[in-house]
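FYI, it's all coordinate maths here, none of it is from the lab. Keep in mind that this is a model prediction, so the values were computed, not measured. When we count neighbours, we look across all protein chains shown, and the Cβ atoms used for this are built from the backbone with ideal geometry, even at glycine.
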Amino acid sequence: MRLRPLTPNLGAEVSGIELSADMDDALFRALYQAFLRHQVLLFPPHDLPPANQVAFARRFGEVQVHVMNQYHADGYPELYRLSNLDRHGKPSGHHPDKGTLAWHTDGSWQRVTGQATIIYGEVMPKSGGETHFCDMYGAYERLSASWKKRIADLRAVHNLDFSRSRRHGEDPLTEAQRLTKPPVDHPIVRTHPETGRKCLFLGDHAEYIQGMPYDEGRALIEELNALAVHADLTYEHRWKARELLLWDNRCVMHRATAYDAANEGRVIRRCTVLGEIPA
Ligand SMILES: [Fe+2]
């Protein structure tokens with residue numbers, strides 16, 4: 001296995017290994033250490049059948065079955081496909097999930113939040129549709145001492161129904177989906193359970209601050225979300241088809257960029273592995 005850093009701070013490209021279900025334990029351990037250290041891993045273009053993606057994800061832990069079951073793919077409820085192609089394989093003009101355009105961390109709207117997310121790019125547009133990452137260890141470390149003190153004990157309430165519908169109102173959660181995923185609170189500053197490092201844990205699913213007037217909490221969340229992104233602590237990935245990206249939701253935020261959904265196709269399939277209750 002070879003690693004090539006993608007930026008001085010965040011991300012590495014992995015080559016020389018095959019993502020098969022029977023990857024040996026020593027190799028997986030080395031890969032997992034690289035995942036903890038670099039936070040974002042990129043694998044060069046290769047064929048990855050859906051079954052292998054799910055099997056690889058299971059090495060990390062329990063794979064989430066997403067509440068929005070309209071996205072389940074290929075007979076695997078663990079796979080979630082985002083596609084703008086219609087039945088005939090033509091771009092429909094409909095962006096499948098505009099919520100992904102804002103900085104967020106996967107599954108923060110659940111009590112047990114996302115650990116790894118593993119995305120395989122099936123079809124990629126010639127421009128746009130990038131995935132950007134920012135380092136949330138660095139986001140915390142660069143806060144002033146007064147900010148750190150101010151947020152040390154605050155908890156944010158994360159709510160998928162809020163983030164899903166507040167900007168565009170398309171494809172809202174059904175009543176049944178909403179009832180299975182009520183809002184949950186998490187610390188704003190969490191300690192990564194494996195590295196022991198502190199990081200900021202917010203993003204677009206965070207709606208308000210527990211025990212603070214709603215508008216004041218909203219303003220604080222928006223301000224911190226903006227403060228979290230530093231150009232030199234960011235990796236912007238321009239996709240090639242058949243690449244795979246793997247990242248640690250506990251210490252990075254990510255977003256997708258827009259693309260011409262009426263004229264270009266973009267299809268990805270995603271697995272999110274469940275992690276732990278943030279502390
Ligand atoms: Fe995401």
> Where does each of Ile277, Ile209 land when they are ranked from fewest to most other beta-carbon atoms within 10 angstrom?
Replying inline: Ile277, Ile209
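Note down the Stokes-Einstein diffusion coefficient of segment 1-40 in µm²/s, whole number, using a Kirkwood radius over alpha carbon pairs, 10 °C, and 1.306 mPa s. Could the numbers behind the result be given before it?
On the way: Rh = 10.6 Å.
It diffuses with D of about 150 µm²/s by this estimate.
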> For the charge dipole of segment 75-188, defined by +1 on Lys and Arg C-beta atoms and -1 on Asp and Glu C-beta atoms about the Cα centroid, which residue among His186, Gln110, Tyr120 has the Cα displaced farthest towards the positive pole?
Replying inline: His186
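Work out, step by step, the length gained on full extension between Arg87 and Val112: first 0.36 nm times the residue separation, then minus their alpha carbon distance; give nm to one decimal. Walk me through the numbers on the way to the answer.
Details: separation 25, 0.36 × 25 = 9.00 nm, distance 3.49 nm.
Additional length available on full extension: 5.5 nm.
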> Peptides 137-145, 25-33: what's the order by average Cβ count within 10 Å, highest mean first?
Replying inline: 137-145, 25-33
> In the chain, how does Rg compare with the Kirkwood Rh, expressed as the Rg/Rh ratio over alpha carbon atoms?
Replying inline: 0.95
> Using 0.36 nm per residue, how much length does the chain from Arg59 to Thr7 gain when fully extended, once their Cα-Cα distance is taken away?
Replying inline: 16.1 nm
> Setting aside same-chain residues fewer than 8 positions from Lys240, which lysines have a Cα under 16 Å from its Cα?
Replying inline: Lys126
> Using θ = phi - 60° and the Karplus form 6.51 cos²θ - 1.76 cosθ + 1.60, what ³J(HN,Hα) does each residue of segment 135-140 get, whole Hz, x for Gly and Pro?
Replying inline: 8, 8, 5, x, 4, 6
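For Arg218 and Thr180 in the same chain, what is the full-extension length gain: residue separation times 0.36 nm, less their Cα-Cα distance, in nm?
Working: separation 38, 0.36 × 38 = 13.68 nm, distance 2.42 nm.
Gain on stretching Arg218 to Thr180: 11.3 nm.
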> What does the helix-only formula give at 222 nm for the chain: each DSSP H stretch with n ≥ 4 adding -39500 (n - 2.57), the total divided by the residues, and the result rounded to the nearest 500 deg cm²/dmol?
Replying inline: -6500 deg cm²/dmol
>> Projecting each Cα onto the charge dipole of the chain (Lys/Arg +1, Asp/Glu -1 at the beta carbon, about the Cα centre), which of Ala145, Thr195, Met23 comes out farthest on the positive side?
In response: Ala145
>> Mean Kyte-Doolittle hydropathy of 0.0 or higher plus an axial Cα length of 24 Å or more: which whole DSSP H helices in the chain meet both?
In response: none
> Calculated FRET efficiency, Arg37 and Asp232, Cβ-Cβ r, R0 22 Å, to nearest 0.05?
Replying inline: 0.75
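Loop only by DSSP, 16 or fewer other Cβ within 10 Å of the Cβ. Give me the GluC sites (Glu not before Pro) in segment 1-102 that pass, ordered by residue number.
On the way: sites: Glu13, Glu18, Glu62, Glu78; in loops: Glu18, Glu62.
Qualifying residues, ordered by number: Glu18, Glu62.
With a 10 Å radius around each residue's Cβ, average the other Cβ atoms per peptide and rank 43-49, 182-188, highest first.
On the way: 43-49: 13.6, 182-188: 18.3.
In decreasing order of mean packing, 43-49, 182-188 become 182-188, 43-49.
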>> Can you compute the FRET efficiency between Ala26 and Met68 using 1/(1 + (r/R0)^6), with r the Cβ-Cβ distance and R0 = 41 Å? Round to the nearest 0.05.
In response: 0.65
> Rounded, prolate or oblate: which one fits segment 136-279, using the alpha carbon gyration tensor with axes a ≥ b ≥ c (rounded when a/c is under 1.5, else prolate when a/b beats b/c, else oblate)?
Replying inline: oblate
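Report the FRET efficiency, 1/(1 + (r/R0)^6), for Glu276 and His94, where r is their Cβ-Cβ distance and R0 is 35 Å, rounded to 0.05.
Working: r = 35 Å, r/R0 = 1.00.
The pair Glu276/His94 has a calculated efficiency of 0.50.
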>> Please list, in order along segment 194-209, the HN-Hα scalar couplings obtained from phi with the Karplus expression 6.51 cos²θ - 1.76 cosθ + 1.60 (θ = phi - 60°), rounded to whole Hz, x for Gly and Pro.
In response: 9, 8, x, 8, 7, 8, 6, 10, 9, x, 6, 7, 6, 9, 8, 9
>> I need the shape label for segment 53-132. Rule: rounded when a/c is under 1.5, else prolate if a/b > b/c, else oblate, with a, b, c from the alpha carbon gyration tensor.
In response: prolate
